[in-house]
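Taking it in order: structure first as structure tokens, then the write-up.
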Amino acid sequence: MCEKVRIAVLASGGGTNLQALIDAERSGKIQNGEIALVICNRKSAYAAERARLAGIRAEIVTRKECGGQEGFEARMTELFEEENIELIVLAGFLNILTSDFVRRYDHRIVNIHPSLIPAFCGEGFYGIVPHEAALERGVKITGATVHFVNEIADGGEIIAQKAVEVLPGDTPEVLQRRVMEQAEWIILPAAVSMLCDRLTERKN
Ligand code: GRF
């Protein structure tokens, strides 16, 4: 049997996307990958607890404790090397990675963004903001995008997208929840599974 692709998930918050990945691995929807490491950059991130509950190594790494972005990225790199990480998933990770870091892992970092890129994306469009902007613009369809991470915020190659309806009376919070349930939690595990299959093929 060939070895599974080792995945690191980086998260800052509640970690529902991390949970979707854990569940997909457990249920066999991700066959060629295993989540080997979860890094949270906030002490309060529930994502770390989700990882521990699933028996996955979880590390809290903060910019402050590492003396800035450079030290922060150096520590993450150390952990990736220790765990032989081959694929990095940003799942609600609130930190802007430097160009150097991103270039080092070319086509090895993916992100989930809660809109249909190129709408409502780029600098400042994180958390609830894309949903507020979608409602303000009056779009009838929004959704989520999984993309590779490059030097441009939300600018990397698109891997998967799924549309979600905006309904009358939606608040940003209601829309955010629907986008997670109907798009993010589906396309992120599916994209990760596809990338693990691709990386496994390349190894054999
Ligand atoms: C999600 O909406 C994701 O698209 C965005 O941040 C949110 C994270 O949610 N990047 P969670 O921590 O996975 O629950």
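The values are calculated or read from the model by the stated rules, or taken from the named source; none is laboratory data. Owing to the predicted nature of the structure, the values given are computational and were not obtained by experimental measurement. Glycine gets a Cβ as well: all are built from the backbone with ideal geometry, and neighbour counts include every protein chain shown.
Couple of notes before you dig in:
Okay, residues lined up against (1) in contact (Cβ under 8 Å) with a residue 24 or more places away in the chain; (2) among the acidic types (Asp, Glu); (3) closer than 26 Å to residue 176 by Cβ:
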position	(1), (2), (3)
75	no, no, no
83	yes, yes, no
93	yes, no, yes
113	yes, no, yes
137	no, no, yes
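- Here no helices (runs of 4 or more DSSP H) wholly within the range 1-95 include at least 3 residues being loosely packed, with under 14 Cβ neighbours inside 10 Å, among the aliphatic types (A, V, I, L, M) and modelled with pLDDT of 95 or more.
- Which listed residue is under 28 Å from residue 86 (Cβ atoms) and surrounded by fewer than 16 Cβ atoms within 10 Å (Cβ to Cβ), from 111, 204: 204
- Subset of the range 183-204 (residues that are more than 16 Å from the chain's Cα centre (by Cα), in contact (Cβ under 8 Å) with a residue 24 or more places away in the chain and in a helix (DSSP H, G or I)): 197, 199, 200, 203
- The listed residue being touching a strand residue (DSSP E or B) at 6+ places or on another chain (Cβ under 6 Å), in contact (Cβ under 8 Å) with a residue 24 or more places away in the chain and either of a type in the set (A, V, I, L, M) or buried (at least 20 other Cβ atoms within 10 Å of the Cβ) (or both), out of 164, 149: 149
- The range 167-180: number of residues that are within 20 Å of the chain's Cα centre (by Cα) and surrounded by 14 or more Cβ atoms within 10 Å (Cβ to Cβ): 6
- A single entry from 55, 68, 33, 28 fulfils the requirement of being closer than 23 Å to residue 181 by Cα, more than 16 Å from the ligand (Cβ to nearest atom) and free of Cβ contacts under 8 Å to residues at least 12 places away in the same chain: 28.
- The set of residues in the range 73-91 being among the small types (Gly, Ala, Ser) and more than 14 Å from residue 38 (Cβ to Cβ) consists of 74 alone.
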